[in-house]
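The values are calculated or read from the model by the stated rules, or taken from the named source; none is laboratory data. Remember, it's a predicted structure, so these values are computed and weren't measured experimentally. Note: ideal-geometry Cβ built from the backbone for every residue, glycine included; neighbour counts use all protein chains shown. Just so you know, the surface numbers come from the protein's heavy atoms only, side chains and all, with ligands and any DNA or RNA stripped out. Shrake-Rupley method; radii C 1.70, N 1.55, O 1.52, S 1.80 Å.
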Amino acid sequence: MQNNNDMRNITKHIAAAVLLAAAALPARAGGIFDNLTYYARAGYAIGGTAPVGMPAEIRSLEKYSVKPNVTLALDAYKPLGGCWGLMAGFHYENKNMKTDAVVKNYHMEMRQGGRVLSGVFTGNVVTEVSEWMVTLPLDVTCDLGRVRLKGGPYLSYVLSNDFSGYAYNGHLRVGDPTGTRVNIGSDESSRGSYDFSDDLRHLQFGVNVGADWYFSRRWGAYADLAWGLTGIFKRDFKTIEQTLYPIYGTVGVTYRLK
């Protein structure tokens, strides 16, 4: 609960800072659409959707599979004076992952055969997450020679998503740790499957920090870290007790269009 409150407080502070920056922008920037420079980007991301801090119920991560996470983007840059500037963009991206974790007394709901089971599970859980989204970042930038540092909030609208998987090689206690024991096998007929895709939220908010390095007049490389501040599930979803945040790093190339 403390982590959730901290995230909400951080979100409020960032929103307040953005509002203050927006209020001060007209005085410094002149015509907002004057003197713009446009950049195209293509990148590849690695990361995951996970709680902040490993909960005691997750004992170990047995396997993490790298997925094809791509970013295609168009950004507009506006100088403000000195080293300072603003960069806003339109990014089309996906955030995927697949993990196999060992858990103990992990709250779950799953389907085994024709029945739905709810309680605490001990064993292995395989999770696959796939989200395609449009992201609108707004970064404050500072140019240091060929390097442009940047950071600010982003808002994403998730176009399609999937959160599904299965539990295997363990047992589930119905209701609570003292409930009736149900064995969960490792083959397709005896393991427990789940799909929480309908419980995912479509709007996500977070912060992005990174750097662009321009090694020629038009071409450059970049590295970004995007940290979600809102959990991926809707507020009323309680099956998974931990709040899961999308945290992804992206590297790629950028090309100056104008």
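Residues ILE14, ILE46, ILE58: which one is touching a strand residue (DSSP E or B) at 6+ places or on another chain (Cβ under 8 Å) and modelled with pLDDT under 90?
On the way: ILE46 fails: modelled with pLDDT under 90; ILE58 fails: modelled with pLDDT under 90.
Of ILE14, ILE46, ILE58, the one residue that is touching a strand residue (DSSP E or B) at 6+ places or on another chain (Cβ under 8 Å) and modelled with pLDDT under 90 is ILE14.
Given the residues ASP236, ASP195, ASP162, which is the only one that is open to solvent by 70 Å² or more (accessible area, probe 1.4 Å) and touching a Ser or Thr at 6+ places or on another chain (Cβ under 6 Å)?
After applying the criteria, what remains is ASP195.
It is to be established whether one or more residues within segment 134-149 are open to solvent by 10 Å² or more (accessible area, probe 1.4 Å), at pLDDT 95 or above and under 30 Å from ALA167 (Cβ atoms).
no
Please tell me if GLY165 is out of contact with any Gly (no Cβ under 9 Å at 6 or more places or on another chain) and modelled with pLDDT of 95 or more.
yes
Regarding segment 64-71, can at least one residue be identified that is out of contact with any Gly (no Cβ under 9 Å at 6 or more places or on another chain), within 30 Å of LYS238 (Cα to Cα) and either at pLDDT 95 or above or among the hydroxyl-bearing types (Ser, Thr, Tyr) (or both)?
Yes, that holds for at least one residue.
Which count do you get for residues in segment 204-258 that are charged (D, E, K, R) and either in contact with a helix residue (DSSP H, G or I) (Cβ under 7 Å, 6 or more places away or on another chain) or within 30 Å of GLU57 (Cα to Cα) (or both)?
Residues meeting the conditions: 5.
Search segment 75-86 for residues that are at positive phi and pair each with any residue that is outside any strand (DSSP E or B) and open to solvent by less than 30 Å² (accessible area, probe 1.4 Å) when their beta-carbon atoms are under 9 Å apart and the residues are at least 6 apart or on different chains.
GLY81/ALA29
In segment 110-133, which residues are without any contact (Cβ under 8 Å) to a residue 12 or more places away in the chain, part of a strand (DSSP E or B) and either buried (at least 20 other Cβ atoms within 10 Å of the Cβ) or not β-branched (Val, Ile, Thr) (or both)?
Filtering segment 110-133 for residues without any contact (Cβ under 8 Å) to a residue 12 or more places away in the chain gives 114-116.
Then keep just the ones that are part of a strand (DSSP E or B); that gives 115-116.
Selection gives ARG115 alone.
Table: residues versus (1) in a loop (DSSP other than H, G, I, E, B); (2) within 17 Å of LEU117 (Cβ to Cβ).
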position	(1), (2)
HIS171	no, yes
ASN183	no, yes
SER186	yes, yes
ASP198	no, no
GLN204	no, no
ASN208	no, no
GLY220	no, no
THR230	yes, no
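State all residues of segment 159-204 that are in contact (Cβ under 8 Å) with a residue 60 or more places away in the chain and of a type in the set (A, V, I, L, M); if no residue qualifies, say none.
Those that are in contact (Cβ under 8 Å) with a residue 60 or more places away in the chain and of a type in the set (A, V, I, L, M): LEU172, VAL182, ILE184, LEU200.
In segment 172-192, what residues are of a type in the set (Lys, Arg) and buried (at least 19 other Cβ atoms within 10 Å of the Cβ)?
Selection gives ARG191 alone.
Of the residues TYR222, TYR194, which single one is under 19 Å from HIS107 (Cα atoms) and among the aromatic types (Phe, Trp, Tyr)?
Answer to the check: TYR194.
Across segment 31-64, which residue is most open to solvent (accessible area, probe 1.4 Å) among those that are within 23 Å of THR122 (Cβ to Cβ) and hydroxyl-bearing (Ser, Thr, Tyr)?
TYR64
Being surrounded by 19 or more Cβ atoms within 10 Å (Cβ to Cβ), among the small types (Gly, Ala, Ser) and over 22 Å from ASP139 (Cβ atoms) narrows it down to one residue among GLY152, GLY231; which is it? Give the derivation first.
On the way: GLY152 fails: over 22 Å from ASP139 (Cβ atoms).
Criteria check complete, one pass: GLY231.
Based on what the data block shows, is ARG217 in contact with a Lys or Arg (Cβ under 8 Å, 6 or more places away or on another chain), basic (Lys, Arg) and in contact (Cβ under 8 Å) with a residue 60 or more places away in the chain?
Numbers: in contact with a Lys or Arg (Cβ under 8 Å, 6 or more places away or on another chain): yes; basic (Lys, Arg): yes; in contact (Cβ under 8 Å) with a residue 60 or more places away in the chain: no.
Considered against the rule, which asks whether it is in contact with a Lys or Arg (Cβ under 8 Å, 6 or more places away or on another chain), basic (Lys, Arg) and in contact (Cβ under 8 Å) with a residue 60 or more places away in the chain, ARG217 comes out as no.
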